[in-house]
Number of protein chains: 4
Amino acid sequence: MTYELPIRVYWEDTDAGGIVFYANYLKFFERARTEWLRSLGVGQQALREQTGGMFVVSETTIKYHRPARLDDELLVTARLQESGRASITIAQQAWRKTSGQPELLCEGSIRIGWVSAASMKPERIPSSILEALK
Amino acid sequence: MTYELPIRVYWEDTDAGGIVFYANYLKFFERARTEWLRSLGVGQQALREQTGGMFVVSETTIKYHRPARLDDELLVTARLQESGRASITIAQQAWRKTSGQPELLCEGSIRIGWVSAASMKPERIPSSILEALK
Amino acid sequence: MTYELPIRVYWEDTDAGGIVFYANYLKFFERARTEWLRSLGVGQQALREQTGGMFVVSETTIKYHRPARLDDELLVTARLQESGRASITIAQQAWRKTSGQPELLCEGSIRIGWVSAASMKPERIPSSILEALK
Amino acid sequence: MTYELPIRVYWEDTDAGGIVFYANYLKFFERARTEWLRSLGVGQQALREQTGGMFVVSETTIKYHRPARLDDELLVTARLQESGRASITIAQQAWRKTSGQPELLCEGSIRIGWVSAASMKPERIPSSILEALK
């Protein structure tokens, strides 16, 4: 029920604090959501060409517990938390792999709506996506 | 009481949806916090060299209302919402300048702690910063 | 003849080496080109809506001389180096402001073509742009 | 002799032109170099802790042939082009996987030096790295 994506920390992800720049966890979370959808048969570029619609993020709540560093190996998860007709909420976490127990680095929830790419107006999420997520 | 920083939207800020990538508002908010601190006489690089400490973000809550596009002119604000010994919370907004009323694009709060850069352990925020913020 | 844009270094620009991540100078250069065009009356978003075309970068050559750090104040320049019907080449530099002479951090040239946004096929650069650049 | 890393294009990589932002190929190239070194037993974070040194990029030359789009699957390569005591040059390419022949999107060479992380002064590349690369 929970999708997991391994992600490696590269130079581009870090900042002068020597750790992963906090905004970049949103990128990691987005990669995990995208791969999760892909694993369910949902390709966002293809869907946009077919339906003219796309996902947009409407709300994020993130807690940062521990920093990640260059070369760290993360495991980023995605799980459906709530699902409506026009928006879904995904619970996500970033863990660091260690020789022992993984360590929770960061967690949060991302609320996502579906819009017309042309007008940016909210629309119903295509049923193919909602069914794939169930 | 509220600091305002004008920020222009460049190609680097946008994504294939034709709008500003949502994670990038965290960058805009960080720029506004940094300039706000600088306007109060607080330089983060200098402080780190003097104290060995730095800010880290511990929590973010963001709501996205309207998208921004290439070439848009934003006004990004920062205001002290809450202040403790080890962390402060900053309320931030991103507005789009228009010929009429500015439009609220995105808003949220960012909780920030102070840590030793070497150990990443929490420490008290330097009193010079807390006083500058009051 | 040479356009200059002041740019401040923020956390987002740095990496765990404690310096500006080298790819980010391409962002700085792009901001300077965009503001230079804007100062000449050329808005890229507006042009795209009118002509359906946009700039794409076709070649970059960059030399990195000295690193920039958090809070550094840069001066980023843009100057027309070569101009043809389908592409132009811009010479760009990034300098650090100091109390004395500015220091050259990075320099290079960026070759840019004009394409149809729909087909990505090369097209002639709109004459309004070429005239503005002269 | 040529290292290959598969890289997927995500939202974060694209811009409002609907294609991968050209600066981001430098990130893709850096990921491939890092994984190549890792596959040869060289970990950059570990090396920095042991030697106090790190790589910095001193020169890049990139040609962009075709754009990549959201969801594209790339193959990014790295190959030693030239090797000296204080710097090495890596030839890199980004290809798009297709149902037929892969398409060359972007190629270039990246010159990299070794510096003391504390002083940013050039130093000899650790012999363990040079030997691993041969």
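Give the distance, in whole Å, between the Cα centre of the range D:37-65 and the Cα centre of the range B:36-63. Taking the Cα centre of each part, the range D:37-65 and the range B:36-63 sit 29 Å apart. Across peptide B:22-32, the average count of Cβ atoms from other chains found within 10 Å of a residue's Cβ is 6. Partner lysines whose Cα lies under 25 Å from the Cα of A:LYS27, excluding those fewer than 8 positions away in the same chain, are identified as A:LYS63, A:LYS97, A:LYS121, A:LYS134, B:LYS27, B:LYS63, C:LYS27, D:LYS27, D:LYS97. Computed from point charges on the beta carbon alone (+1 for Lys and Arg, -1 for Asp and Glu), the dipole magnitude for the protein assembly as shown about its Cα centre is near 0 Debye. Simple rule: put +1 on each Lys or Arg Cβ and -1 on each Asp or Glu Cβ in the range D:3-133, find the dipole, and look at D:LEU37, D:ALA16, D:SER128; the Cα lying farthest toward the positive end is D:SER128. Ordering B:LEU70, B:VAL56, B:ALA86 by Cα displacement along the dipole of the range B:55-134 toward the positive end leaves B:ALA86 in first place; charges were set at the Cβ atoms of Lys, Arg (+1) and Asp, Glu (-1). Sorted from nearest, the other copies put their C:GLY41 label points 4.7, 5.6, 6.5 nm away, the label point being 7 Å from Cα in the direction of Cβ. Counting Lys and Arg as +1 and Asp and Glu as -1 over every other residue whose Cβ lies under 9 Å from the Cβ of C:LEU104, the net charge comes to 0. Between helix A:24-39 and chain A there is an angle of about 50 degrees, using the helix long axis and the longest principal axis of the Cα atoms.
Under the convention that each Lys and Arg Cβ holds +1 and each Asp and Glu Cβ holds -1, the size of the dipole of the range C:1-49 around its Cα centre is about 140 debye.
In terms of overall dimensions, the protein assembly as shown has a Cα radius of gyration and Dmax of 22.6, 64 angstrom. Residues of the range B:65-82 with an amide N closer than 19 Å to a point placed 7 Å from the Cα of A:LYS121 along the Cα-to-Cβ direction: B:65-68.
Put a plus charge on the Cβ of each Lys and Arg, a minus charge on the Cβ of each Asp and Glu, and nothing anywhere else: the dipole of chain A about its Cα centre is then about 320 debye.
FYI, it's all coordinate maths here, none of it is from the lab. If you're wondering where the values come from, they're calculated on a predicted model, not measured in any experiment. Every residue, glycine among them, receives a Cβ derived from its backbone with ideal geometry; neighbour counts consider all protein chains shown.
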